[in-house]
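My structure is below; once you've seen it, I'll send some questions.
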Amino acid sequence: MFLENTVNAKEQFGWIEVICGSMFSGKTEELIRRLKRAQFAKQRVEIFKPDIDVRYGGNRVVSHNANEILSTPVPSASNIPMLADGCDVVGVDEAQFFDDEIVSVCNALANKGVRVIVAGLDMDFKGNPFGPMPSLMATAEYVTKVHAVCTRTGNLAQFSFRKGNNDDLVLLGEVNEYEPLSRAAFYKAMGGEKTQKKGVSRPAAVNSKNKKA
């Protein structure tokens, strides 16, 4: 359960919140919700996203439910500190696409008293930890893992299955390219059963005449 930190004037440090999960799990929706609450409270808020994400235009972060918030696209994490100067709250969307420097940037902002909210995919389309997300999750005070609904089983989904044969790690897309799957559905979709059968060999039968008494 996520509990927002209380304000302690004597402790001039911020904190990091990470929102992670698969495609279509509501990561960006939750990020926008938290940021808009901060804006409503008259806090100074800025949100950043990698400039390679051009799906919804250059200066917006948009959820799959069409909820949106203005953002600043940046080519690398090193651009964020200067642009975030004077902010109370900093949001980062699609953090998995940033370079590893995003980890030190987020921690430096938190150490200066900024509340940092990061959203991103925790696993890539092969089910492996994605980019800087594991390090961000390890150093964050709060980690919220959200789930989608598996399109094949109806169970909770935490994997982002890529429908096509493109093996590029970074491939921006929506429902035409990806679908959220549960562990069992993802395992089957990736050919796990066939792989397992090919990799298992029966032990050779022991000749009873060669057994030692």
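For q = 0.12, 0.24 Å⁻¹, what log10 I(q)/I(0) does the stretch 106-187 give under the Debye formula with an equal point scatterer on each alpha carbon and no solvent?
Calculated log10 I(q)/I(0) at the listed q: -0.43, -1.17.
Would you order S22, S182 from fewest to most other beta-carbon atoms within 10 Å of each residue's own beta-carbon?
By the 10 Å Cβ count, ascending: S182, S22.
If you rank V103, V92, V116 by fewest surrounding Cβ atoms within 10 Å, what's the result?
Ascending Cβ contact count within 10 Å gives the list V103, V116, V92.
Taking the Cβ of each residue in E17, E179, E141, E29 as the centre, tally the other Cβ atoms inside 10 Å and list the residues starting with the fewest.
E141, E29, E179, E17
Can you quote the Å³ per residue value for the convex hull of the Cα atoms in the stretch 15-146, rounded to an integer?
Each residue corresponds to 95 Å³ of Cα convex hull volume.
No lab work stands behind these numbers, since they all come straight from the coordinates. Just so we're clear, the structure is a prediction, and the values are computed from it rather than from any experiment. Cβ sites come from the backbone with ideal geometry, for glycine too, and all protein chains shown count toward neighbours.
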